[in-house]
Amino acid sequence: MQRTNALSLIAVLLALAGLSCGRAPGAGPPLPDTVPADPRALLSALAADSMEGRATATAGSARAARLIAGRMRALGLEPAGDSGYFQRVPLTLTRGADGARGLQLLGPGHADSAPAGQPVMDVNVIGLLRGVDSALGDEAVVVGAHFDHLGIGAPVAGDSIYNGADDDASGVVAVLGAAQALAGGPPPRRTVVFLITTGEEQGLLGTRWYIDHPAVPLERTVADLQVEMIGRPDSLAGGPGRAWLTGYERSTMGRQLAAAGIPVVDDPRPAFDFFLRSDNIAFARRGIPAHTLSSYNLHTDYHQPSDEVERVDFDHLARLLDATARAVRVLADGDAPRWNPGGRPEPSGAGS
Ligand SMILES: [Zn+2]
């Protein structure tokens, strides 16, 4: 057993007690009564300085999680966490000599290197729409984005808040937009799980927790689509309104979406290995065709305090929100994607 600080253990127990009442981490307020539906307003709220950069296991992160859950509730999604829309993700926090925060999953099988740190908590936010098809309704499609970002850090040009407007408030808004579109249309044939994860920037922590505690068993999860950084157009994807899909040729998903008229192309920068660098890879390594839709153009605001709302191209974003919603509809109602020969990654390896 690892050395723990008794006071921090009590804090975690209190946090758990609060969560069991349907609250977000800590003794914070309940879900907000109103959450903006408009994409620009919602993205602006998530990337506001008041969210403090949404670093995992911080007050800013908890505020963002409550906002996202409030939006899911407004859309009428079925709560699919272990505490309403919240799926508790137990973590351990360590601090390096330079004060840098380190976070790892806490729990059996997750103590990567037996960290002796402070137990802390964050959450994934999960809502779903039940599939109605008699044959396919037990199957699920996961559509996800990560809500965490880098928090408050070294100031650059006097700004120390790493807002993460593009990375990945833009993806969160897209997933919630797809939820709105599907909830407002005919019920999907397959169940659609809307999964907004924490801890991506710290090593896909929230997704790794979800994989071990899925809302629908992984054997019945037929596809995963992640949305990452769609706030600015990429000329290599064809410019405004267009996106690329990581690992496009690895499965049938990319061609299936393109055939449905959705403006996605192959990842134009395969040397960057983006297929291995986002939440999708954790699903792919479990055998589920999983890709990330993005229009990241290698802008220099990546992981900088200047990843601000003011630099989001909202006309482009609106077109990609539409593309995301249509892609989710195709995956929910159409053929299940399959790996192409040689496309499925090894069960373990880089980016797990
Ligand atoms: Zn990201």
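The values are calculated or read from the model by the stated rules, or taken from the named source; none is laboratory data. Just so we're clear, the structure is a prediction, and the values are computed from it rather than from any experiment. When we count neighbours, we look across all protein chains shown, and the Cβ atoms used for this are built from the backbone with ideal geometry, even at glycine.
Screening Tyr296, Tyr302 for residues that are surrounded by fewer than 19 Cβ atoms within 10 Å (Cβ to Cβ), within 16 Å of the ligand (Cβ to nearest atom) and part of a loop (DSSP other than H, G, I, E, B) leaves exactly one candidate, Tyr302.
Arg190 meets each of the listed conditions (1) within 16 Å of the ligand (Cβ to nearest atom); (2) surrounded by 24 or more Cβ atoms within 10 Å (Cβ to Cβ); (3) basic (Lys, Arg) apart from (1). Of all residues in the stretch 184-224, count the ones that are closer than 25 Å to Leu150 by Cβ and assigned to a loop (DSSP other than H, G, I, E, B). Residues that pass the stated criteria total 4. For the stretch 239-266, the set of residues classified as part of a loop (DSSP other than H, G, I, E, B) and touching a residue at least 24 places away in the same chain (Cβ under 8 Å) consists of Pro240, Gly241, Arg242, Thr246, Gly247, Thr252, Ala260, Gly261, Ile262, Pro263, listed by residue number. Modelled with pLDDT of 95 or more, in contact with a strand residue (DSSP E or B) (Cβ under 6 Å, 6 or more places away or on another chain) and either outside any helix (DSSP H, G or I) or surrounded by fewer than 22 Cβ atoms within 10 Å (Cβ to Cβ) (or both) - does that describe any residue in the stretch 279-288? Yes: the stretch 279-288 contains one or more residues that are modelled with pLDDT of 95 or more, in contact with a strand residue (DSSP E or B) (Cβ under 6 Å, 6 or more places away or on another chain) and either outside any helix (DSSP H, G or I) or surrounded by fewer than 22 Cβ atoms within 10 Å (Cβ to Cβ) (or both).
For Ile152, work out the one condition from (1) modelled with pLDDT under 95; (2) within 13 Å of the ligand (Cβ to nearest atom); (3) over 25 Å from Arg73 (Cα atoms) it doesn't fulfil. That leaves (2) as the condition not met.
Could you tell me whether any residue of the stretch 168-188 is in contact (Cβ under 8 Å) with a residue 12 or more places away in the chain, touching a His at 6+ places or on another chain (Cβ under 6 Å), under 24 Å from Tyr302 (Cα atoms) and acidic (Asp, Glu)? For the stretch 168-188, residues in contact (Cβ under 8 Å) with a residue 12 or more places away in the chain, touching a His at 6+ places or on another chain (Cβ under 6 Å), under 24 Å from Tyr302 (Cα atoms) and acidic (Asp, Glu): present. Could you grab me the full set of residues in the stretch 135-149 that are of a type outside the set (Asp, Glu), away from the ligand (no atom under 16 Å from the Cβ) and modelled with pLDDT of 95 or more? Correct list: Leu136, Ala140, Val141, Val142.
Can you find even one residue in the stretch 244-259 that is surrounded by fewer than 20 Cβ atoms within 10 Å (Cβ to Cβ) and within 16 Å of the ligand (Cβ to nearest atom)? Within the stretch 244-259, none of the residues are surrounded by fewer than 20 Cβ atoms within 10 Å (Cβ to Cβ) and within 16 Å of the ligand (Cβ to nearest atom).
Of the conditions (1) at pLDDT below 95; (2) of a type in the set (A, V, I, L, M, F, W, C); (3) within 16 Å of the ligand (Cβ to nearest atom), Ala174 clears all except one; give me its number. The one condition Ala174 does not meet is (1).
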